[in-house]
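The values are calculated or read from the model by the stated rules, or taken from the named source; none is laboratory data. Everything numeric here is computed off the predicted structure, so don't read it as measured data. Cβ atoms come from the backbone with ideal geometry, glycine included; neighbour counts cover every protein chain shown. Accessible surface areas use protein heavy atoms only, side chains included; no ligands, DNA or RNA. Shrake-Rupley method; radii C 1.70, N 1.55, O 1.52, S 1.80 Å.
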Amino acid sequence: MTESRVMVGYLLPLTKNMEEDSNVTKVPVFQGNNVVGRSVVSVSDKRVSRNHVSLNALVDGSVEVVVEGPNPVVIKSREQRKKLHSHDKAMIAPGDILELIPGHHFFRYTTMNSEMQSVALRNSSNEVDKQSVENILAVKRRRQILEKESLAGALQVNEASYSSNNKILANVKVKSDKSPSIERNPGCGKSKSAEAIAHFRVSDNMLPSTFRLLRVQGLPTWANTSTVALDDIIKGEVLVAILSNYMVDIDWLFSACPLLRKIPHVLLIHGENDGILDHMKKNKLINWTLHKPLLPIAYGTHHSKAMLLVYPQGVRVVIHTANLIYVDWNNKTQGLWMQDFPWKQRQDHSKTSPFEEDLVDYLEKLKWPGLNVSIPVAGSATINSSFFRKFDFSSASVRLIASVPGYHSGGSLKKWGHMKLRSVLQESLFDKEFQKSPIVYQFSSLGSLDQKWMDELSASMSSGLSENGSSLGLGNVQIIWPNVEDVRCSLEGYAAGNALPSPQKNIERAFLKKYWCKWKAIHTGRCRAMPHIKSYTRYNGQRLAWFLLTSANLSKAAWGALQKNGSQLMIRSYELGVLFLPSLISKSRSSFSCTDSGRVMQTGEGVSQSKLRTELVTLCWEESKNVNSSSEIIRLPVPYQLPPVPYNDEDVPWSWDRQYHLKDVYGQRWPRHVQLYSN
């Protein structure tokens, strides 16, 4: 009980003027572990979690701060401010200020010794509590040591130790409330045959035909082969950057990609609200424009994750699955597609393509304020949706599948959501082996669904014709979703569950049981990197009929729901994805680069201009002797195992509002805080 513990200090509440706030109670800090959160500091701000930070205090007054919640905190020491993200650690010294939310809820850490020192200084300027000074120096030394540790070090759990823990945990069973007992799933094996991603190499000219995974801290080197980070994408002489996303940590963004400070014009299209938006407005650069698209229907979000980077040579289009926050670009399984396109030649200005039409239609719906800029190639220009008709998208390797909020009917019925996917698939031909083949849904948040809507979505996902003209037919749906043990033993422990924000009432609907399949990603080394990627695919073995990389989770809000006897589609949110399809391509093909002096890279030179048919396969596909020589194989780094393994009777799908008593890899139980993350 706290009455028997030694009090070493307290957190003194401050106003924004750094004066003591008499309206907020001091927070005592006792020797040992302390939990500081919303209920302790008595604030109504929902960004402050119930278990926001933990303070490990020693009797000498030194305190280690560990961020437990999903939102960052700031420690101010003298004139230096340091932002800490989830799981980050730092030492605080007496006099340091803790901001529970950057720019909000200020507390000064004061030790009992430092308070006595303050009294002594007031009574006699010549007398200083020597012990207090030594305490301060000791705390600062500890902080310097801790600050040298990166989150990567925290995530890189020693493999030998982890294997040892696995042996101990293998036979341990946990029961949580109404769920059956579950055993820990085996961890990622590491054999040569399992490391398929280690052999994934893509030539520059083939990059637009596939996608890449984001780099994950804490994984072995082989698992990050051909992966990308933010500064691999935003580079070169960018004249205008349009960044579209849902969640944005503007401070992290500047640190992760310093080039953003130098880009002349930046438009940030976001989905943030309230305090985070206020912070963004205060900390953005003067040449940055913030825009939140209109959400005409309740409970919608601006959820699309994309970048449009304008260069003197052309435009780079990036579609990906990560929020612009630290954990999304460092700790999770994510996907990203990118292709560069040149400016149109003067004689081609009137020419268009399906990709161009889809992109411009989508951008028009965002209705951002036009940016007036001067571009060396184009002169004075207004950056609006029509501006992007200046680029030649005829070489696009994918189709765009977007959602925009509204009630869509008539000619717009098949322009958005799952009806757009249905219409594109209906125009495509597939090998007969994909008739009635299974379809995978993989995502990071599950809406409130019913069987009727699942059948509606399945009808769209099952569209398409085989080469003999017959329908592919309905495919058996399989849902890949992490179970409780996947989350508990992940790189982030239970904290990974913040990015899988689905409540028990949605997860445990009886009709969903037949769909559940396990998250297994041994071949990409990502069993412990929880998925924030969203993907949908139809497959047969290791061959893919098509593959969709998207921001859209499995929800009516994202995909839309048919109304009025199928004549109207209601969508709540903005989403954006790219669809990979088998297609006819020229053997002599070129691809364009905005960051390599606009160089056009050729492949298949000296070969006839006959057409090849592309075939989509996973990294685990093995070439056989009877491969069609007139086909070109496109490998897609699908991060999870196909065919997926169905849940067994002891697997419990993760839901973030349940209690889990077995400790995770960081020794924590769940819930640790209020879940505030969204996808």
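Taking 7 Å along the Cα-to-C-beta vector as the label spot, tell me the Glu650-Lys351 distance in nanometres, rounded to one decimal.
6.1 nm
Between the stretch 299-362 and the stretch 192-250, how many Å separate their Cα centres?
Here the two parts' Cα centres lie 14 Å apart.
Based on alpha-carbon centroids, what's the gap between the stretch 530-550 and the stretch 448-526 in Å, whole number please?
Computed from Cα coordinates, the inter-centre distance equals 11 Å.
In whole Å, what is the distance between the alpha-carbon centres of the stretch 10-27 and the stretch 252-275?
32 Å
Accessible area per residue of the stretch 282-333 at 1.4 Å probe, in Å²? Walk me through the numbers on the way to the answer.
On the way: 1580 Å² over 52 residues.
So the stretch 282-333 comes to 30 Å² accessible per residue, rounded to a whole number.
Does the stretch 252-359 come out rounded, prolate or oblate, given a ≥ b ≥ c as the square roots of the eigenvalues of its C-alpha gyration tensor, rounded meaning a/c under 1.5 and, failing that, prolate meaning a/b above b/c?
Prolate shape, in that a/c is at least 1.5 and a/b is the bigger ratio.
Roughly how compact is the stretch 508-575, stated as its Cα Rg over 2.2 N^0.38 Å to two decimals?
1.41
For the stretch 201-210, take each phi angle, set θ = phi - 60°, evaluate the Karplus expression 6.51 cos²θ - 1.76 cosθ + 1.60, and give the result in whole Hz per residue in order, putting x for glycine and proline.
Coupling constants for the stretch 201-210: 10, 10, 6, 4, 6, 9, 4, x, 8, 9 Hz.
By the scheme Lys and Arg +1, Asp and Glu -1, what is the net charge of all other residues having a beta-carbon under 12 Å from that of Asn224?
Numbers: positive: Arg212, Arg215, Arg526; negative: Glu195, Asp232.
For residues surrounding Asn224, the net value is +1.
Under 5 Å between amide H atoms, partner at least 5 residues away or on a different chain: which partners does Phe106 have, H built in plane at 1.01 Å?
Residues meeting the criterion, in which the H sits 1.01 Å from N, are Leu14.
Starting from the Cα-Cα distance between Glu79 and Lys514, subtract it from 0.36 nm times their residue separation and give me the gain in nm to one decimal.
Values: separation 435, 0.36 × 435 = 156.60 nm, distance 5.71 nm.
That pair, Glu79 and Lys514, stretches by 150.9 nm at full extension.
Convert each backbone phi in the stretch 41-58 into a coupling constant with the Karplus relation 6.51 cos²θ - 1.76 cosθ + 1.60 (shift: θ = phi - 60°), then list the ³J(HN,Hα) values in order as whole Hz, x for Gly and Pro.
3J(HN,Hα) across the stretch 41-58, in whole Hz: 8, 6, 10, 8, 5, 5, 6, 8, 6, 5, 10, 7, 9, 10, 10, 9, 9, 9.
Residues of the stretch 514-585: accessible area per residue at 1.4 Å, in Å²?
Working: 1660 Å² over 72 residues.
Accessible area per residue, the stretch 514-585: 23 Å².
Dipole magnitude of the stretch 478-593 about its Cα centre, charges +1 at Lys/Arg Cβ and -1 at Asp/Glu Cβ only, in debye to the nearest 20?
Working: 17 positive and 5 negative charges, 71 e Å.
Computed charge dipole of the stretch 478-593: roughly 340 debye.
Among Ser471, Pro369, Ser403, whose Cα sits farthest toward the positive end of the charge dipole of the stretch 335-478 (+1 at Cβ of Lys/Arg, -1 at Cβ of Asp/Glu, about the Cα centre)?
Pro369
Once you sort the root eigenvalues of the Cα gyration tensor of the stretch 398-465 as a ≥ b ≥ c, which label holds: rounded (a/c under 1.5), prolate (a/b larger than b/c) or oblate (the other case)? Please list the in-between numbers first.
Details: a/c = 1.81, a/b = 1.18, b/c = 1.54.
Judged from the Cα gyration tensor, the stretch 398-465 comes out oblate (a/c at least 1.5, b/c at or above a/b).
May I ask you to give the percent of accessible area on the stretch 5-63 that is carbon plus sulfur, with a probe radius of 1.4 Å?
Answer for the stretch 5-63 is 49 percent, counting heavy atoms of protein chains only.
Out of all DSSP beta bridges in the stretch 392-530, what portion is antiparallel? Express it as a percent rounded to 5.
Details: 1 of 9 bridges.
Given both bridge residues lie in the stretch 392-530, the antiparallel proportion sits at roughly 10 percent.
Residue farthest toward the positive end of the dipole of the stretch 220-292, with Cβ of Lys/Arg at +1 and Asp/Glu at -1: which of Leu239, Phe254, Thr225?
Leu239
Put a dot 7 Å past each Cα toward the Cβ at Asp274 and Lys292; how far apart are the dots in nm?
With each label point 7 Å from Cα toward Cβ, the separation is 1.1 nm.
Quick one: if you stick a label point 7 Å off each Cα along the C-beta vector at Gln659 and Glu427, how many nm between them?
Between Gln659 and Glu427, the label points sit 5.5 nm apart.
Taking K and R as +1 and D and E as -1, what net charge do the other residues with C-beta under 12 Å from the C-beta of Asp348 add up to?
That works out to +3.
If you take the beta carbon distance between Ser380 and Leu259 as r and set R0 to 22 Å, what does 1/(1 + (r/R0)^6) give as a FRET efficiency, to the nearest 0.05? Mind showing how you got there, number by number?
Working: r = 24 Å, r/R0 = 1.10.
That pair, Ser380 with Leu259, gives E of 0.35.
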